[in-house]
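Below is one structure; the comments refer to it alone.
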Amino acid sequence: MTSKSDFRTYLYLNHNQFIIYVAEILTNEKIYFEKFEIEENIKELKFSKLNEFLNFNIFKIEKKLNNFIKDIYVILDSKEFHSIKLSIKKDNNGNSINSDTLIHPLNDLKNLCQSNLQNKKIIHFLIEKYVIDNKSYTTLPEKINCNIFSLDTEFICLSKNLIENIEKILNKYHISLNQILSASYVEKFKDNSDSTIFTTASRIISGHNSNEVLLIGKINKKQGFFERFFNFFN
């Protein structure tokens, strides 16, 4: 039997294509791959087709693994993603600035973003720029003191209704939604070492982007998906 910790299952979705992909976590070696093309000229996800696609593949995968799929990472290509940019400025009184220093301002930004969201959830939380004593940085410098710093951030959000519809389909197969990733965001980090978008997604999930505040999903046995909590600079 393949241990749950040995493999990771991905589901790539857009309006005209579904892909399910299973790979070993340590090696990224492909275990299973299946693609379905939708020939109809539609502009949104066809959930009835998605249900048929999963119904055809989940049992085959679980039989091959000799194990159940407990959760899935969804890579979503959709125009329903919405970007919100926010900044915050803080006095630091000449003290050292590090990841611990940023926890409270990042949390303030997250709360501000959520308070302005209407029926949307945060999918990616990104730090675009650090301004430390009027000097800009793309990454957080090590061992630096400052009087004032500011953070420019971007939140990539998605409709709660779309997330819930994806969850409902997965729940039919007793599978939880582990995490949604924006396909366009993942594609930005693809390099020559990545053979597929799934290997790139694996690096993103593992914290490849040091400027992403990682969102860790809690899985609940009854509901399958809970509000995310923040793990700063995991």
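The values are calculated or read from the model by the stated rules, or taken from the named source; none is laboratory data. Note that the structure is predicted; figures quoted are calculated from it, not measured. Here the Cβ is made from the backbone with ideal geometry for all residues, glycine too, and neighbour counts use every protein chain on show. For the accessible areas, the whole protein counts, side chains as well, though only heavy atoms, and no ligand, DNA or RNA atoms are used. Shrake-Rupley method; radii C 1.70, N 1.55, O 1.52, S 1.80 Å.
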Filter result for the condition that a residue is closer than 16 Å to Phe155 by Cβ and either touching an Asp or Glu at 6+ places or on another chain (Cβ under 8 Å) or among the β-branched types (Val, Ile, Thr) (or both), over Ser83, Ser115
Ser83
Residue check for Ser96: open to solvent by less than 70 Å² (accessible area, probe 1.4 Å) and in contact (Cβ under 8 Å) with a residue 40 or more places away in the chain:
yes
Hits in the range 179-210 - residues which are in a strand (DSSP E or B) and touching a helix residue (DSSP H, G or I) at 6+ places or on another chain (Cβ under 9 Å):
Gln179, Ile180, Leu181
Across the range 15-47, what is the number of residues that are open to solvent by less than 40 Å² (accessible area, probe 1.4 Å) and either among the basic types (Lys, Arg) or outside any strand (DSSP E or B) (or both)?
3
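Conditions tested, residue by residue: (1) more than 17 Å from the chain's Cα centre (by Cα); (2) surrounded by 12 or more Cβ atoms within 10 Å (Cβ to Cβ); (3) within 23 Å of Asp100 (Cα to Cα).
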position	(1), (2), (3)
His124	no, yes, yes
Ile127	no, yes, yes
Thr138	yes, no, yes
Glu142	yes, no, yes
Phe149	yes, yes, yes
Glu154	no, yes, yes
Ile163	no, yes, no
Ile166	no, yes, no
Asp191	yes, no, no
Residue list for the range 73-120, filter: among the aliphatic types (A, V, I, L, M) and under 23 Å from Asn178 (Cβ atoms):
Val74, Ile75, Leu76, Leu106, Leu117
Got a number for residues in the range 99-122 being open to solvent by less than 80 Å² (accessible area, probe 1.4 Å) and acidic (Asp, Glu)?
1
Return the pair list, or none, for Cβ contacts closer than 7 Å from residues in the range 116-141 that are more than 19 Å from Glu212 (Cβ to Cβ) to residues that are open to solvent by 70 Å² or more (accessible area, probe 1.4 Å) and of a type in the set (Lys, Arg), at least 6 apart or on different chains.
Asn119/Lys160
Can you pull out every residue in the range 15-41 that is among the hydroxyl-bearing types (Ser, Thr, Tyr) and more than 19 Å from the chain's Cα centre (by Cα)?
Thr27, Tyr32
Looking for whichever is surrounded by 14 or more Cβ atoms within 10 Å (Cβ to Cβ), among the β-branched types (Val, Ile, Thr) and in contact with a Leu (Cβ under 9 Å, 6 or more places away or on another chain) here; the options are Ile58, Ile88. Which one fits?
Ile88
